[in-house]
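For reference, the structure discussed in these notes is given below.
The values are calculated or read from the model by the stated rules, or taken from the named source; none is laboratory data. As the structure is a prediction and not an experimental result, all values here were calculated from the model. Reconstructed Cβ throughout: ideal geometry from the backbone, glycine too, with neighbour counts over all protein chains shown. Side chains included, ligands, DNA and RNA excluded: accessible areas come from the protein's heavy atoms. Shrake-Rupley method; radii C 1.70, N 1.55, O 1.52, S 1.80 Å.
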Amino acid sequence: MNGGSLGLRTGSYGLLQNINRAIAGGEISKSLSNVRKSSTKMLSGIREKERPLPNAWYRYIGCRKFSMLLLIAFALLVFALGSFVVNKDSTSPNVLQRIGTLGIVPYVNGGHHEASQILGEKDKKKDEYRFQIPAFKGASVLPFHHPCANFTFPPPPPPTRRRLGPRPCPVCYLPVDQAIASMPSSSSASPVLHNLTYVLNENPIKSEPHGGSDFGGYPSLKQRNDSFDIKESMAVHCGFVKGSKPGHGTGFDFDESDLAELQQFHDIIVASAIFGNYDIIQHPQNISEEAKKNIPFYMFVDEETEAFMKNRSILSSSKRVGLWRIVVIHNVPYSDARRNGKVPKLLLHRIFPNVRYSIWIDGKLQLVVDPYQVLERFLWRQNANFAISRHYRRFDVFVEAEANKAAGKYDNSSIDEQVDFYKKEGLTPYSEAKLPITSDVPEGCVLIKEHIPITNLFTCLWFNEVDRFTSRDQLSFAIVRDKIMTKVDWSINMFLDCERRNFVIQSYHRDLLEQMPPPVPAVVRRPPALPNTRGKTPGKRIPRRGRDRRSGSRRHRKAAASNREQFLLNAV
């Protein structure tokens, strides 16, 4: 991953296993099939016409030169006819609607019904994936000399190898040195909004019967609506409303030594969090020496998690665990550990005011690709300033809300209240009218962001929705994105979820890991010992008699029974 060769981390193809089959079953393959059928009919017609020809014609046919010229002319005719048909079909709207420059968006079998609603009943095919063009408007076409310009997905596994559930797919990364060279020398332009400041209020008062907190400042509905009116200079609620600066008397407070650390300038940071002792710390892998030297890794933990780490001797006075620099949070603003985790996730630009780029990963994830390569692939290469993966199955907010209710992620009445509120604001089920936007539901465990005013505003307003309604940020993502996109020419790079699974490995939460039985130790099979023939006549077997023979057979039966039990345990 850190070498000079082209970085390509591969995986299984669970989400992409039918790409080639789906493309081959589309308009292009039909056109090629028509060409083959027409050429076959043409050849059979020529053979039928050859039979009544006079003998003089056969003498010319027998000439080698004339035969070669005839074959060349026939090949050119077939090639010209095939090119005409393929070009005609490839420019049809159906093909252009499904083929893009950034990748192909699959819908897994679990989302079969929703996909058929988007692309129409005419495209409904059993056990096949659905495709759309990607969402990001500002994507640039790679130059021909770019190492990843000709990258294509490898062929899917054979259909007999059925694999359920989401899986990673291959991603083309540049080598680390080339990725570093690709980093822009200056910040991206922020459309319309150039100066963003934040509301401070020592004594916030709740004036309306809606959710919210002291930490968020209880913005009114009018203030909320005004925050979506994008102007050149804006002041919005964005957490940390009390105190002089974030982390100092605001709730979600840091130690003084940490405050000084967080104010430093960095081009790139990687951040994560564990609250409520909910996850086991995951150590990044395949990190280059350049990244270890220049990119700090920050892990935010609350006092409960800190105490656990100290009791297990995981955390020492150095405040470092592997690459992670541990930042302890005091005076957490919420009783819900998951909601506390939304503060660093969505408000990194407030915690780190002097950072250019950030990669946020949830505490259950392990980063296994160098940060420079991740940023080059999903931001710099696409001319994007915010990237997040789509949900691997659901792309409609209303469907996502029902799934949250069914899984008990939050109380049903709060979810219904939030969705009904968005419905009154104009949120509609996802449909073909939203293209080129391909999803309203993100898989929000990874955020890749350039810290410029427009992206900072987006995450501020996204956090305000989480503070006002439920902590399920997947429900509020689309309404904030759409409201901003109606005001400014800005969009988000929503890449494939299987690509996200390429650079992070997902683990289980601590409570699930503790409930799992310990792994069965592997049985070490040793070869049988050679018999001791010293002092014995070769080839002569001494029979066992009496009790020795019976006890030996008894030991043999016990050993056989023990081996059967061990085999059954291993099979389970």
Quiz prompt | Surrounding net charge for R339, when Lys and Arg each add one and Asp and Glu each subtract one, Cβ distance under 11 Å | solution = +1
Quiz item: What is the magnitude of the charge dipole of region 322-370 about its Cα centre, with +1 placed on the Cβ of each Lys and Arg, -1 on the Cβ of each Asp and Glu, and no other charges, expressed in debye to the nearest 20?
Solution: 140
Self-check item: Computed E for D489/L71 - FRET, C-beta separation, R0 51 angstrom, nearest 0.05
Solution: 0.35
Quiz prompt | Unsatisfied cross-links (Cα-Cα over 30 Å) in the set K231/K345; K310/K449; K231/K293 | solution = K310/K449; K231/K293
Practice problem: Based on the mean of other Cβ atoms within 10 Å per residue, sort peptides 400-409, 306-315 so the most packed one is first. | Solution: 400-409, 306-315
Exercise. Please go through the residue pairs K364/K487; K342/K483; K222/K242 and name each one whose alpha carbons sit more than 24 Å apart in this structure.
Key: K364/K487
Exercise. Lys and Arg at +1, Asp and Glu at -1: add these up for the other residues within a Cβ distance under 14 Å of I326 and post the number.
Key: -3
Quiz item: Stretched out fully, how many nm does the piece from N225 to T152 gain, at 0.36 nm a residue minus the Cα gap?
Solution: 21.9 nm
Exercise. Would you kindly derive the ³J(HN,Hα) couplings of region 330-338 from the backbone phi angles with the Karplus curve 6.51 cos²θ - 1.76 cosθ + 1.60 (θ = phi - 60°), listing them in order in whole Hz, with x for Gly and Pro?
Key: 10, 6, 5, x, 10, 7, 8, 4, 5
Quiz prompt | P(r) of region 374-492 over all Cα-Cα pairs, binned every 10 Å from zero, in whole percent | solution = 12, 46, 33, 8, 0
Self-check item: Per residue solvent-accessible surface (Å²) - region 277-355, probe of 1.4 Å
Solution: 45
Self-check item: Using distinct alpha-carbon pairs, which all enter the 1/r mean, Kirkwood radius of region 428-513 in Å
Solution: 14.7
Quiz prompt | Highest-first arrangement of 191-198, 236-243, 316-323, 335-342, where packing means the average Cβ count within 10 Å | solution = 236-243, 335-342, 191-198, 316-323
Self-check item: Pairwise label distance in nanometres, D336 with E256, each label 7 Å out on the Cα-Cβ vector
Solution: 3.6
Practice problem: Compare R394, R224 by solvent-accessible area with a 1.4 Å probe and give them largest first, with all protein chains kept in place. | Solution: R394, R224
Exercise. Please give the solvent-accessible surface of I230 in Å², to the nearest 10, using a probe radius of 1.4 Å with every protein chain present.
Key: 20
Practice problem: Let me know the Kirkwood hydrodynamic radius for region 282-387, please, with Cα pairs as the basis and the value in Å to one decimal. | Solution: 15.4
Quiz item: Over the heavy atoms of Y392, what accessible area does a 1.4 Å probe trace out, to the nearest 10 Å²?
Solution: 60
Quiz item: Ratio of region 165-311's C-alpha Rg to 2.2 N^0.38 Å, to two decimals?
Solution: 1.36
Quiz item: What is the ratio of the Cα radius of gyration of region 226-285 to 2.2 N^0.38 Å, where N is its residue count, to two decimals?
Solution: 1.53
Quiz prompt | Net length gained if the chain between D416 and S431 were fully extended (0.36 nm per residue, minus Cα distance) | solution = 3.3 nm
Exercise. Enter the accessible area of M68 (Å², nearest 10), with the probe set to 1.4 Å and all protein chains included.
Key: 110
